[in-house]
Structures are given as C-alpha cells and as structure tokens.
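For reference, the structure discussed in these notes is given below.
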Amino acid sequence: MSTIEDAVRSFLGQFVSDPDVEGDHDLFSSGMVNSLFAMQLVLFVEKQYGITVANEDLDYENFKSVNAIVGFIQSKQ
Amino acid sequence: MDFDLTTEQSRAKSEFRQWVEQCVVPVADANDNREQTPPELIAEIAANGYLGALVAKEYGGRGMDALTWGLLCEEVGRGSASLLSLLTVHGMVIQSLAKWGTLAQRERWLPKLATGATVGAFGLTEPNIGSDAKNIESTAVLQADGTYLLNAEKRWISFGASADLVLVIAKVGDKATAFLVERGMPGFSIEPIRGMLGFRSANIARLLMRDVIIPAQNIVGKVGFGFSHIAGTALDHGRYCVGWGCVGLAQAALDAALSYSGERYQFEVTLNKHQLIQEMLAEMIVNVKAARMLNYHAAFLKDRGDPSLIMETSMAKYFASRVASQAANAAVQIHGANGCSSDYPVQRYFRDAKIMEIIEGSNQMQQIIIAKSGYQQHLVNKRAARRSAAEGEGR
C-alpha cells in the first residue's frame, strides 16, 4: 500500500464506517459521504500535500474513489 | 493553540470597535425601523476596506487573515446583525470566486468587490426549498449557442435588493451549478421584502430570473459542482461569519443587560443585586466566553487550512447562535417592559438572534451533521483503541 493511499484511507476513516473499501468504489454515488465531505477532501489534499485544487481540477474523476484521489494527488506532485 | 492577538490584530480590533461605535451603533435602530441599510452606510463600510477585507491585496483588498476577519464580524455583529449579513453574503461571493473562479472571473470581479463598486449576494434559498438545498427547482438549460437559459426564483436573499452580482445556484439537468447573475441582465428583477421579524435592515429581496441568458463564462467552477464545492465554500464562509457575528450580538445583549441591571432599582436595590438576575448574567457571561472560544478555535483551524475547520465552524455557529438567542432573551427579560419597547435595542437583538438560528444552515441541520460527525469520531476512536490493543498483544 502506498503512503498516499494510507493517508487517504486514514482521512476517509474520519468520515465513513468502512475506510477499507475497494479502491475503485464510488464514494459519492454510493452515498458513503455527505455533502460536506467534498470540501473537507479539498482541504485535506491541499494541506497534506501542499497543492492547490482549483477550477480546472473540478472533475468528478479526480475525487470519486480512493484510487482517483491518490491518482489526482500524484498527478499534481 | 495561541489565542493571543498579534499587534496588527489588536490594532485592527480597536479600529473595528471604534468604527462600529461611531458609525453603526448610532444608526442601527433607525435602520431597523426604516427596514433599510442606506447606500451611504454601504459606501462607508466599503470606504473602510471592509467589503474587500477578504480579497487578496493583489486584487486591491485588505487580505485579512481568518482571525482578523472574525474580529471584524464580531464587532459588526455587535452593532447590527443586519449589517453583518452584508459582510456575510458579499464575502460568500468573494470566497467562491477567489477559490473556484477562473483567472478572468477573478480579474474582472475581485477588484470591484474589494472596493464595493460591486456588491455581491448569494442566491440558494427558494420558495419551496430551504434546508433541502440539493433539490432546488431553479433550472439552467444549455442553448445551442453555448449560453444558458436561467429560470429561477430565489427568496429571502440578504442584500439582494442592493446586489450588483448574485451567485445563483441552479440545476443544469440534475447537476447543481453556480452562475454569476449580473444586475441589469434582461429578465432579472429584484423585489425588496419588508415586514421581516429580524434582519430588517438587511435589504432582503426576492430575486426573479425569467429566461435570463447567462454566458458560459459566468459559471463559477464547473457544471455539477455548484452545490458540493461552490455553495460548500460559500456556506462554510457564511457559517464562520455568522458564528462570529453571534458572539458580537450576544456581547451586545450582555453589555445592555449589565448596564441596565446596574442602574435600575427595584425593591430599593439595583437589579444586579437580585440573585435571579445574577443567575441570568452569569449564564450570559460564561456562554459568551465559551462561544467566543469556539470561534477562536475555528479561526485557528481556518488560518491553517485544516479540514476539521468545516465541522468546527458548524459547531461554533450552532453554539454561538443559541447563545445569542439565549442572551438576547435574557436581556429583554431583565429590561422588562422597557426591553419590549423601541427605546432600547435589546428587542432588536432578540429578533435578530432568532434569524441567526435559521440562516446558513438551520440549527437543526447543524445538529444532524454534528451528531453524525460525533458518532463517526467515536468509531474512529474505537478503531484506534482496538488497533492499539492488538499491537500491544503482538508485542
């Protein structure tokens, strides 16, 4: 398991009962997270990895699953 | 956490307090009676740079840190909750654009929002939709030429009657999307609302958009991100302002209660010598301090960009609005019949405090998310304890 994935799952664990979901499991469409999670995730990514999430990054494919979030972070580093 | 103010923050706090004492407190009741914040006061708050408080210096704003901004909201909330709502909604547009706007949008609007040449407002609530914001009925339909045809009715919009630029949330198909709607666009009309219980000088309006053509470059963020990210950013900012403003309102109620109870004689002693009055004063004093600490904590997290700031801000807003309501209620009670008259401002605090428990997410909505978050934290703690115990056994 990569360090980024560990950190993402650890963060996710603060909001969902089962942070060990499949890497491709859709967090939003499955209703696992509430409406506040989207901005909490943005803040987490920005603070943890020192990157800025901006207008051009607003793509559902960047945030929908653990794998997507990890891939997005890697692409911005 | 370090809650000591820096020299700049202390200086700013004194500046805010002085301005509110000189320019807001003396006119707050009159504006409340008139049900209007006059353009001159909006111009004055803009001239002080307070409308541009959150705009980065590169765009002509003051670029305040979160705590300094909170102190401004507290002081303005102490003077007039209605005027606080201008800072709130104007700031909601600024924060949304600063975070999610395109470079062109930021360059076009932020300098104007910073000077107050453009006044912003936020349009989410509708006649049929309040807390259930995901089910808004406003629609925007993509046209063949790339523009959007917007049909929307937004109600209870603070400073809607003054706004030049409204951030409106509407659905494109089933996707919530944020649009910048400009005053003067054909089909966009504004109707002031009068006779409100509180926030009477918040220039509240009903906004009607009938077949308004919106250029695609007026979308903030992307189609489908209007609620989760743009409104999410705006509402977090709104809760933060309201939380601090409630501390100010509660402080105003406390100050009024302390003053009145120290001067008014009943049974040959001042009211504050009566133990039942002391009980009310003690509750107010402690609760105001506690509410202020929650807001300081939220500011601390906000300046660090900590993800927990969203829940902590929700808690600060929830608690502070309840405290404001309780403090204003007690202040009216201590003032007796005088407190029910227009001779004293406590009746205005009482009415405004009720609004604070409803706006930027009703307190019932805050309770739902706070309780869920608390249970989730409980599970996290249990998991950590289990893991720690397992590791202990393994050693």
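Averaged over A:36-46, how many beta carbons belonging to a partner chain fall within 10 Å of each residue's beta carbon?
On the way: counts 11, 4, 6, 12, 8, 3, 8, 10, 4, 1, 2.
For peptide A:36-46, the averaged partner shielding equals 6.
Return the average number of partner chain Cβ atoms within 10 angstrom of each residue Cβ along peptide B:303-311.
5
Which residues in segment B:261-293 have a backbone N closer than 16 Å to a point placed 7 Å from the Cα of B:Asp255 along the Cα-to-Cβ line?
B:261-262, B:285, B:288-289, B:292
By DSSP, what percent of the beta bridges with both residues in chain B are antiparallel, rounded to the nearest 5?
Antiparallel: roughly 85 percent of the beta bridges in chain B.
How far is it, in nm, from the label point at B:Cys340 to the one at B:Glu191 when both lie 7 Å from their Cα along the line to the Cβ?
3.4
Accessible surface of B:Lys13 in the full protein assembly, 1.4 angstrom probe, to the nearest 10 Å²?
So the heavy atoms of B:Lys13 present about 60 Å² to solvent.
Using the beta-carbon distance between B:Glu21 and A:Ser75 and R0 = 56 Å, what value does 1/(1 + (r/R0)^6) give for FRET efficiency, to the nearest 0.05?
0.60
Can you give the calculated 222 nm mean residue ellipticity of the protein assembly as shown, where each DSSP H run of n ≥ 4 adds -39,500 (n - 2.57) and the sum is split over every residue, rounded to the nearest 500 deg cm²/dmol?
Value at 222 nm, helices only, nearest 500: -17500 deg cm²/dmol.
Roughly how far apart, in whole Å, are the Cα centres of segment B:244-293 and segment B:67-95?
24
Roughly speaking, what is the stretch gain from B:Ala290 to B:Thr7, that is 0.36 nm per residue apart minus the C-alpha to C-alpha distance, in nm to one decimal?
This chain segment gains 99.5 nm when fully extended.
Please work out how much accessible surface B:Glu40 shows to a 1.4 Å probe, ignoring ligands, DNA and RNA, in Å² rounded to 10.
120
Just order B:329-335, B:275-281 by mean Cβ neighbour count inside 10 Å, highest at the front, would you?
My ranking of the peptides, most packed first, is B:329-335, B:275-281.
What Rg and what Dmax come out for segment B:228-384 when only alpha-carbon atoms are used, in angstroms?
18.0, 62
How high is the relative contact order of chain B, given as a whole-number percent (alpha carbon pairs under 8 Å, six or more residues apart)?
16 percent.
With a 1.4 Å probe and every protein chain left in place, tell me how much accessible area B:Arg183 has, in Å² to the nearest 10.
Solvent-accessible area, nearest 10 Å²: 110 Å².
Mean-square fluctuation check for chain B, GNM, Cα pairs under 10 Å: which of B:Ala47, B:Ala298, B:Ala234 is largest?
B:Ala47
Residue farthest toward the positive end of the dipole of the protein assembly as shown, with Cβ of Lys/Arg at +1 and Asp/Glu at -1: which of B:Asn363, B:Met284, B:Gln266?
Result: B:Gln266, furthest along the dipole toward the positive end.
Over the protein assembly as shown, what portion of Cα pair distances is larger than 40 Å, expressed as a whole percent?
22
How long are the three semi-axes of the equivalent ellipsoid for segment B:138-270, computed from the Cα gyration tensor as the root of 5 times each eigenvalue, in whole Å, largest first?
43, 17, 10
What does the structure give for B:91-100 when I average, per residue, the other chain Cβ atoms found within 10 Å of the residue Cβ?
Numbers: counts 0, 0, 0, 0, 0, 0, 0, 0, 6, 6.
Across the residues of B:91-100, the mean count of other-chain Cβ atoms within 10 Å is 1.
Could you work out what % of the accessible surface of segment A:3-76 is carbon and sulfur, using a 1.4 angstrom probe and leaving DNA, RNA and ligands out of the count?
Ligands and nucleic acids excluded, carbon and sulfur reach 43 percent.
Post the alpha-carbon centroid distance, segment B:157-194 to segment B:1-45, in whole angstrom.
That distance is 27 Å.
Residues of segment A:50-77 losing 30 Å² or more of accessible surface, assembly versus chain alone, probe 1.4 Å, please list them.
A:Asn55, A:Leu58
The values are calculated or read from the model by the stated rules, or taken from the named source; none is laboratory data. As the structure is a computational prediction, the values presented were derived from the model and not from experiment. Here Cβ is always computed from backbone atoms with ideal geometry, including for glycine, and neighbour counts include all displayed protein chains. Protein only, heavy atoms only, side chains kept; ligands, DNA and RNA dropped before computing areas. Shrake-Rupley method; radii C 1.70, N 1.55, O 1.52, S 1.80 Å.
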